[in-house]
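Worksheet for the structure shown next.
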Amino acid sequence: MDPWVEEHAAHLVARFERDTAALVAVSSPSGDVDGFEECAAVAVALAPEEATVERPPCSSPAYAPDLLLRLRGTRTDGPRVLLLGHLDTVHHHERHKPLVRDGDKLHGSGTVDMKGGDVFALGILHALVERRSEFAEVACLLVADEEWRTTPFVHVEAFAGWDACLCFEAGQLLGGEEALIVRRKGAGTVRVLAHGRAAHSGSAPDRGRNALLALSAAAQAVAGCHDPDGPDRLTAVPTVMTSGDAFNVVPAAGELLCDVRSDRLAAIESVGEAVPPELDGVRLEVELVRRWPPMDSRATTGALLEGSAKAAGRPVVPSGRGGASDASHFAPVIPVTVDGLGPRGGAAHNPGEHVLIASVQPRAEVALATTLAALQR
């Protein structure tokens, strides 16, 4: 193992639980301005003092500004590397859980998705302070809206042409070996709005046009597109349905949200076509409110993974994942883009979300080794 990787992995591991606890202690659900501001302040406190702090506008209106930390190097013709993460979570304030050690796990809201990975990125910034002669710039972008963004991602142009993008979503194993993500599905959110007619559900139910029943049929139509083993690896999952105002009124309106993932955006867009425009007198309005591109950097990241394996002193293999990530937005303009540089864990988006303690050391080594490989390309 490269001595620099070994040394700084030990530093990162020594402070991982403390630093992750500080970030996880702040409840920062997507869209909560105060929560993100507090979380960003903690991240700035954990960053090296040599890094400059910027607050570029977030892609999502009314969100807090994103956080951008820049570490300038002294090699003007050297590489420029982007470290990427997000500080928002899916956990609402009332369901937020601070970090708790439980056996072989560190439980807490956002631990693995992805505040544990953010701690890795901030630790790597610290480690790079002593290597500023080897790069032009390393930037760490931590956004406020990754978990629920429906608008275009605004940061792509600012980093187009950089030499590498390293994203710190959760790590994983493949065949028992440490893996990096080089392939992700595209993602979309299909939204169905139902326009029916209200009526008294006891005295005149047939005068109404039941939006809830129409949305139920729409959900079945979307679910019928689910084909994870097909050529596009399409998954189509209805996730949220709201309809009705009172127990004794035929629902006049409602909304259905569906999460759709595929290797092709065209396959995602086709799912909405499975929903009929009208059903039993209820008009159904379909739109794709979130459109994230797929990522496939297998052809451009071979040398990076080889360099990472050499510096880590162990195999580092390419892998894929179905979940979406902001790395997908950067891959078209930064060909050397990899993801999954965070610690391993499980139950993301769930009450039992956790980081596996045993994964912190090897994943820290892989993250540092991959960063070193990016600088030496």
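Here are some notes:
- Test: residue in the range 325-333 that is part of a strand (DSSP E or B) and in contact with a Lys or Arg (Cβ under 6 Å, 6 or more places away or on another chain): no
- Unmet requirement for VAL53, which otherwise passes all of (1) touching an Asp or Glu at 6+ places or on another chain (Cβ under 7 Å); (2) among the aliphatic types (A, V, I, L, M); (3) over 25 Å from VAL338 (Cβ atoms): (1)
- Here the range 207-263 is the region considered, the condition is being in contact with an Asp or Glu (Cβ under 6 Å, 6 or more places away or on another chain) and not hydrophobic (A, V, I, L, M, F, W, C), and the residue that is farthest from ALA324 (Cα to Cα) is THR242.
- Evaluation of ALA311 against (1) assigned to a loop (DSSP other than H, G, I, E, B); (2) assigned by TED's automatic domain parsing to the domain that holds SER59 (one fails), failing number: (1)
- For the range 361-377, a residue qualifies if it is surrounded by fewer than 24 Cβ atoms within 10 Å (Cβ to Cβ) and of a type in the set (Lys, Arg), and exactly one does: ARG377.
- Scan of the range 1-55 for residues that are under 30 Å from PRO315 (Cβ atoms), surrounded by 15 or more Cβ atoms within 10 Å (Cβ to Cβ) and among the small types (Gly, Ala, Ser), ordered by number: ALA9
- Considering each residue of the range 228-243 in turn, none proves to be assigned to a helix (DSSP H, G or I) and either among the basic types (Lys, Arg) or at pLDDT 95 or above (or both).
- Of the residues SER359, SER319, the single one that is in contact (Cβ under 8 Å) with a residue 24 or more places away in the chain, within 21 Å of TRP292 (Cβ to Cβ) and of a type outside the set (Asp, Glu) is SER319.
- Per the listing GLY103, GLY73, GLY123, the residue uniquely over 30 Å from THR189 (Cβ atoms), surrounded by fewer than 21 Cβ atoms within 10 Å (Cβ to Cβ) and in contact with a Leu (Cβ under 9 Å, 6 or more places away or on another chain) is GLY73.
- Flag for VAL138 being in contact with a Gly (Cβ under 9 Å, 6 or more places away or on another chain), buried (at least 19 other Cβ atoms within 10 Å of the Cβ) and in a helix (DSSP H, G or I): no
- Condition met for HIS91 (farther than 15 Å from ARG363 by Cα and over 15 Å from the mean Cα position of the chain (by Cα)): no
- Qualifying residue in the range 345-360 (condition: of a type in the set (S, T, N, Q) and either assigned to a helix (DSSP H, G or I) or surrounded by 15 or more Cβ atoms within 10 Å (Cβ to Cβ) (or both)): yes
- Members of the range 275-288 that are over 28 Å from the mean Cα position of the chain (by Cα), outside any loop (DSSP other than H, G, I, E, B) and either of a type outside the set (Asp, Glu) or closer than 17 Å to THR235 by Cβ (or both): LEU279, VAL282, ARG283, LEU284
The values are calculated or read from the model by the stated rules, or taken from the named source; none is laboratory data. No experiment lies behind these values; they were computed from the predicted model shown. Cβ coordinates were reconstructed from backbone atoms using ideal geometry, including for glycine residues, and neighbour counts include every protein chain displayed.
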